[in-house]
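Below is one structure, written out as structure tokens; the observations come after it.
Every number here is computed from the coordinates shown, using simple stated rules; none is lab data. On a predicted model such as this, the values are computed, not experimentally measured, just so you know. Positions of Cβ are generated from backbone atoms using ideal geometry, with glycine treated the same way; all protein chains shown enter the neighbour counts.
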Amino acid sequence: MSSEKRRLIAGNWKMNGSLQEANEFMDAFGGNPAPDLVEVALMPPFTLLHPMSDRLASMGVVLGAQNVYNEDKGAFTGSICPMMLRDANCHYVIIGHSERRSIIGESNAKIRSKMNASWLHGLEPILCIGETLEQREKGITNSVLAEQLSILKGAPKEMPLTVAYEPVWAIGTGVTASAEQVTETHAFVHEELTRLGHDCRVLYGGSVNPGNAEELMSCPGVEGALVGGASLKADSFMEIVKATVKVVS
Ligand code: 13P
């Protein structure tokens, strides 16, 4: 287990945020309070990457994108390639979010090719994995996660990688996985990653908020959070960051 890794609190804004809201967020967010202990990152929609880039950097907040296309350039109307994300100063890119798997129908093969394209351009993928409620109730959570992680077979071990475990039933529902479920599942994910030769951070995502952040971030094997709704407001996002700082201090 890799408890010594610097924690990452990443905010996924999903399809939210106007330019005005982005400016208000940055006015209110005072910057990363403890960069040595906790890394803070934000993934706004594509349209806000350039406008937010310089200011976030000056606040010690790392920039990321929510998706990327798996080709370098060309006739792919509506798509954004890794080089464009690097141009906007992105370090991270979320790949395989459950909303893209279920709504857009993104396959494991597509997800792997997006990761390869990202690595070629120096981006760090945050690979999202997670089971549905039906799969958890059937008792097949571990095999679902193992299958989603199996795309890492043969992936270069030296490439930067973060994994986010996001149980689908906990996303945007206000229902969080219990500390026991999180601890047990993170242990399995770390085991599986070790088997595949990857020693990377594993974040938890799914209804993380200021009220549950400390408990969730204290679970063994949890090395940060991927936060949706609660990252849209500067004060609630900051509270989650501070709760994490407290846990690791
Ligand atoms: P919520 O925090 O809104 O549940 O979203 C989690 C998520 O999907 C982050 O990627």
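Brief remarks on what is shown
- Residue with peak Gaussian network fluctuation, the chain [Cα springs, cutoff 10 Å], from Gln20, Gln181, Gln135: Gln20
- Listed residues His186, Cys81, Ile126: farthest to the positive end of the dipole of the stretch 77-229 (Cβ charges): Cys81
- Extension gain, Ala187 back to Glu4 (0.36 nm per residue minus Cα-Cα distance, nm): 64.4 nm
- Here the Karplus curve 6.51 cos²θ - 1.76 cosθ + 1.60, taken at θ = phi - 60°, turns the phi angles of the stretch 32-43 into couplings of 5, x, 8, x, 6, 9, 9, 8, 10, 9, 9, 10 Hz, with x standing for Gly and Pro.
- Taking amide H positions as modeled 1.01 Å from N, with prolines and chain starts lacking one, the residues under 5 Å from Val93 and 5 or more places away or on another chain are Ala65, Glu124, Ile126.
- Debye, to nearest 20: dipole size of the stretch 128-249, +1 on Lys, Arg Cβ, -1 on Asp, Glu Cβ: 240
- Using Cβ point charges alone (K and R +1, D and E -1), the dipole size of the stretch 190-248 about the Cα centre works out to roughly 140 debye.
- In this rough spin-label picture, where each label sits 7 Å from Cα along the Cβ direction, the Glu24-Ser53 distance is 2.6 nm.
- Close amide H pairs (under 5 Å, H built 1.01 Å from N) link Asn12 with Met43, Val227, Gly228, residues at least 5 positions away or on another chain.
- Dividing the convex hull volume of the alpha-carbon atoms in the chain by its residue count gives 117 Å³ per residue.
- Sites matching trypsin sites (Lys or Arg not before Pro) across the stretch 1-52 that sit in DSSP coil, with at most 15 neighbouring C-beta atoms within 10 Å: Lys5, Arg6
- For the chain, averaging the sequence separation of C-alpha pairs within contact (under 8 Å, six or more residues apart) and dividing by the residue count gives a relative contact order of 22 percent.
- Other residues lying with their Cβ under 11 Å from the Cβ of Lys242 contribute a combined charge of -2, Lys and Arg counting +1, Asp and Glu -1.
- By the rule of a C-alpha distance below 30 Å, with chain neighbours fewer than 8 residues away ignored, the lysines paired with Lys110 are Lys5, Lys14, Lys73, Lys138, Lys153, Lys157.
- Part-to-part distance (alpha-carbon centres) for the stretch 85-161 and the stretch 7-44, which is given in Å: 22
- Mean-position separation - Cα centroids, the stretch 182-228 and the stretch 46-79, in angstrom: 25
- The chain: most fluctuating residue of Gly224, Gly78, Gly31 per GNM, C-alpha cutoff 10 Å: Gly78
- Relative contact order (%) - criterion: Cα under 8 Å, at least six apart; region: the stretch 43-149: 24
- The stretch 56-68 - phi-based ³J(HN,Hα) in whole Hz, Karplus 6.51/-1.76/1.60, Gly and Pro as x: 4, 4, 5, 9, x, 10, 7, 9, x, 10, 9, 5, 7
- Under the combined filter of DSSP loop state and at most 16 neighbouring Cβ atoms within 10 Å, the stretch 137-196 retains these GluC sites (Glu not before Pro): Glu158.
- Here the 3J(HN,Hα) profile of the stretch 192-201, calculated from phi with Karplus coefficients 6.51, -1.76 and 1.60 at θ = phi - 60°, is 5, 5, 4, 4, 8, x, 10, 10, 10, 5 Hz, Gly and Pro shown as x.
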